[in-house]
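Presented below is the structure to which this report refers.
The values are calculated or read from the model by the stated rules, or taken from the named source; none is laboratory data. What you see is a predicted model; the values in this text were computed from it and never measured. FYI the Cβ positions are ideal-geometry reconstructions off the backbone, even for glycines, and counts take in every protein chain you see. Heads up: the accessible areas ignore ligands, DNA and RNA and are worked out on the full protein's heavy atoms, side chains in. Shrake-Rupley method; radii C 1.70, N 1.55, O 1.52, S 1.80 Å.
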Amino acid sequence: MMAATGDTDIDVEAYDDVWVFVEQHDGEVASVAWELLTKGRDLADERGEDLVALVMGEDIDSIPEECIARGADRVLVADDPVFEPYRSDPYGEQFRYLVEERKPAIALIGGTHTGRDFAGRVAVPNHAGLTADCTELEMANDRYEMRRPAFGGDALATIICPDHRPQMSTVRAGVFPAAEPDPDREGEVIDVEVVVEEDDTMTEVLERDVGDVADITDADVVVAGGMGTEGDFDPLWELADALDGTVAGTRDAVDEAGSNRPDRSAKLARPSGRSCTSRPVSPAPSSTSRGWTTARR
Amino acid sequence: MDNGWNIVVCVKQVPDADDVSIDPDTGRLNRSDAEAVLNSPDYNAIEAALSLREAGGGTVTALTMGPPTAGEVLQVAVGMGADDGVLLTDRAFGGSDTWPTSLALARAAEELDADVVLGGEETTDSSTGQVPPGIAAHNGWAQLTYVEELEARPEEDRLVARRDVEGGYERVAAELPVVVAMGFGENTPRTADLHRKIYAETEFEPTEWDASDLGVEDEVGMAASPTQVGGMATADPVPREQSMVDSADELAEKIGEVR
Ligand SMILES: Cc1cc2nc3c(=O)[nH]c(=O)nc-3n(C[C@H](O)[C@H](O)[C@H](O)COP(=O)(O)OP(=O)(O)OC[C@H]3O[C@@H](n4cnc5c(N)ncnc54)[C@H](O)[C@@H]3O)c2cc1C
Ligand SMILES: Nc1ncnc2c1ncn2[C@@H]1O[C@H](COP(=O)(O)O)[C@@H](O)[C@H]1O
């Protein structure tokens, strides 16, 4: 709606390629990264650009090859102990450097807690545009258009980023499908210079405990209960069994189910902020993951 | 830190989520009917700020950017126990996306000599969750998002947080100053004390700063915002039907039909 602001020194023509941030923890890639590589491949083809995967971590073995099999032309690898486990400050500084050096036009980041923590931080130093929770990404009207639900899902806003680069988006798991990997695809793996040192970091991960909680963003079917369950999750388990799904619930409901829950439902499920804020937008598949994050297994 | 931490809590005024509707004829948002309220996740941020002050002393200052009416959310925070409130208001801020919004809040936090800045996980209106990390990035400070619990370690000048991460949790220690985004519903916000509430609504006057007070007049508003809203469409409502079934299997079958 608004005309170009013209007050930036950014030469948008100097930026090209589509980047995907490949979130990994301890060698385990978040499934949304594969979904974004598939989506990014389509965008890159349409724009006549390359698809670039960005992997940060320590001793990253087979991930770059898998990124290529899943569509990347190039994989930038920043391999250093400073990147394991994830922390926003070293990741952010490394990303700022890579963007400055290589000038991507578009960057896609999974809308996980880690991805949103990362995206919010890295968009600022590059003065990049960052659009949250996109459910549609497309080239239209000669520009890149990002669409996202707004006002609790009653509206779908089109967000554009005319004068700044990169054009960044976060996308929730399950919004776009992941294509099957093609082991015959070819691509290039590049070890990039690591510009962060442990001494410069401001944070320290004291403890990390993952694994006993099923990540419901990975589940195809979630049967969720709220306060209406009045502490009885059994019918939910019955339905989940019939549908081959996972059970989740709001925090209060799960707390109430507390002591009388059967063994396997010692599965805490927690709502995130979305639960109060957003209703699902049809037909966005992201609605499955909005409001419910994890179910303890 | 002898006198405790300078704690700043960011609060945003939003249209009441239950009140925002779309006019089915015009396809426009009926935003004006909606009552303006404090963003609900920000109650958790205020509670966390007040608990930190109880643990280690110091002061809690509520901070908001918005039109003059946004002063109301500062009253809510002061009523709950915040010591003071700052309102960033200036037409120049209008049309700001998360980049300039977090810049203005970051400069104000610096001005307030903040040790800890707290905010909510996200807002109920545009729900980006990008403002707290943006504040941290503008100031080059540490950040902790999706926080479940905080533990002050003033002797180390650090704040330790338990963060919710996919599949579990982590505990992270951050050097001060640090920006915290509290997870929604992670604590139980206290209710305002009646006397304090009366004070907040009758006597309390927030400090007001405009863009030039913060030295950001050329870096805020629409012109400094990398993203722009290029259009808005109403989402088609999902057709809904209801019927009663007797067993989980029957329900599963019905769900199978529409999946
Ligand atoms: C339909 C629509 C879509 C939009 N999409 C985007 C987008 O994708 N990207 C983008 O950059 N901008 C976007 N914006 C602009 C964005 O809404 C504003 O910048 C907004 O004021 C701040 O973002 P938020 O509400 O998402 O804050 P969040 O980042 O969700 O807020 C998190 C916390 O930060 C604090 N906080 C946020 N705003 C304030 C404030 N004004 N004063 C005090 N504390 C505050 C609160 O503690 C809050 O709980 C959009 C606007 C509209 C109308
Ligand atoms: N007069 C104003 N003073 C301060 N902030 C404002 C003002 N008008 C709008 N804003 C803020 O600017 C951002 C964008 O709002 P809008 O202009 O309504 O899109 C929101 O965070 C508003 O609260």
Region B:84-106, subset within 7 Å of ligand 2 (Cβ to nearest atom) and of a type outside the set (Asp, Glu), residue surrounded by the most Cβ atoms within 10 Å (Cβ to Cβ): B:LEU88
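Does A:ARG185 satisfy being more than 11 Å from chain B (Cβ to nearest Cβ), surrounded by fewer than 17 Cβ atoms within 10 Å (Cβ to Cβ) and more than 18 Å from the chain's Cα centre (by Cα)? Give the derivation first.
Details: more than 11 Å from chain B (Cβ to nearest Cβ): yes; surrounded by fewer than 17 Cβ atoms within 10 Å (Cβ to Cβ): yes; more than 18 Å from the chain's Cα centre (by Cα): yes.
For A:ARG185, the condition - more than 11 Å from chain B (Cβ to nearest Cβ), surrounded by fewer than 17 Cβ atoms within 10 Å (Cβ to Cβ) and more than 18 Å from the chain's Cα centre (by Cα) - is met.
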Every residue from region B:44-83 that is open to solvent by less than 10 Å² (accessible area, probe 1.4 Å), aliphatic (A, V, I, L, M) and closer than 18 Å to B:LEU105 by Cα: B:ALA45, B:ILE46, B:ALA49, B:VAL60, B:ALA62, B:LEU63, B:ALA70, B:VAL73, B:LEU74, B:ALA77, B:ALA82
Neighbours by Cβ (under 6 Å, 6+ apart or cross-chain): first from region A:194-208, closer than 16 Å to B:GLY140 by Cα; second open to solvent by 50 Å² or more (accessible area, probe 1.4 Å): A:VAL196/A:GLU93; A:MET202/B:GLU175
Tally, over region A:77-93, of residues that are within 14 Å of chain B (Cβ to nearest Cβ), in a helix (DSSP H, G or I) and either open to solvent by less than 50 Å² (accessible area, probe 1.4 Å) or of a type in the set (Gly, Ala, Ser) (or both): 5
Hits in region A:30-76 (condition: assigned to a strand (DSSP E or B) and buried (at least 20 other Cβ atoms within 10 Å of the Cβ)): A:LEU51, A:VAL52, A:ALA53, A:LEU54, A:VAL55, A:MET56, A:GLY57, A:VAL75, A:LEU76
Count of residues meeting criterion [within 7 Å of chain A (Cβ to nearest Cβ), open to solvent by less than 60 Å² (accessible area, probe 1.4 Å) and not in a loop (DSSP other than H, G, I, E, B)] in region B:235-259: 3
Filter result (in a loop (DSSP other than H, G, I, E, B) and open to solvent by 50 Å² or more (accessible area, probe 1.4 Å)) within region B:149-183: B:ASP157
Which listed residue is under 20 Å from the mean Cα position of the chain (by Cα), without any contact (Cβ under 8 Å) to a residue 60 or more places away in the chain and closer than 22 Å to B:GLU54 by Cβ, from B:GLU149, B:GLU155, B:GLU186: B:GLU149
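Which residues, counting only those in region A:234-255, are more than 16 Å from B:LEU251 (Cα to Cα) and either surrounded by fewer than 14 Cβ atoms within 10 Å (Cβ to Cβ) or at pLDDT 80 or above (or both)? It would help to see each step written out before you state the result.
Taking region A:234-255 and keeping what is more than 16 Å from B:LEU251 (Cα to Cα), we get A:248-255.
A:ASP252, A:ASP255, listed by residue number.
Listed residues B:GLU122, B:GLU110; which is among the acidic types (Asp, Glu), within 14 Å of another protein chain (Cβ to nearest Cβ) and in contact with a helix residue (DSSP H, G or I) (Cβ under 7 Å, 6 or more places away or on another chain)?
Numbers: B:GLU110 fails: within 14 Å of another protein chain (Cβ to nearest Cβ).
None of the others qualify; the one that does is B:GLU122.
Just checking, which of B:ARG190, B:ARG171 is of a type in the set (D, E, K, R) and either under 24 Å from B:MET80 (Cα atoms) or within 13 Å of ligand 1 (Cβ to nearest atom) (or both)?
Working: B:ARG171 fails: either under 24 Å from B:MET80 (Cα atoms) or within 13 Å of ligand 1 (Cβ to nearest atom) (or both).
Sole residue among the options that is of a type in the set (D, E, K, R) and either under 24 Å from B:MET80 (Cα atoms) or within 13 Å of ligand 1 (Cβ to nearest atom) (or both): B:ARG190.
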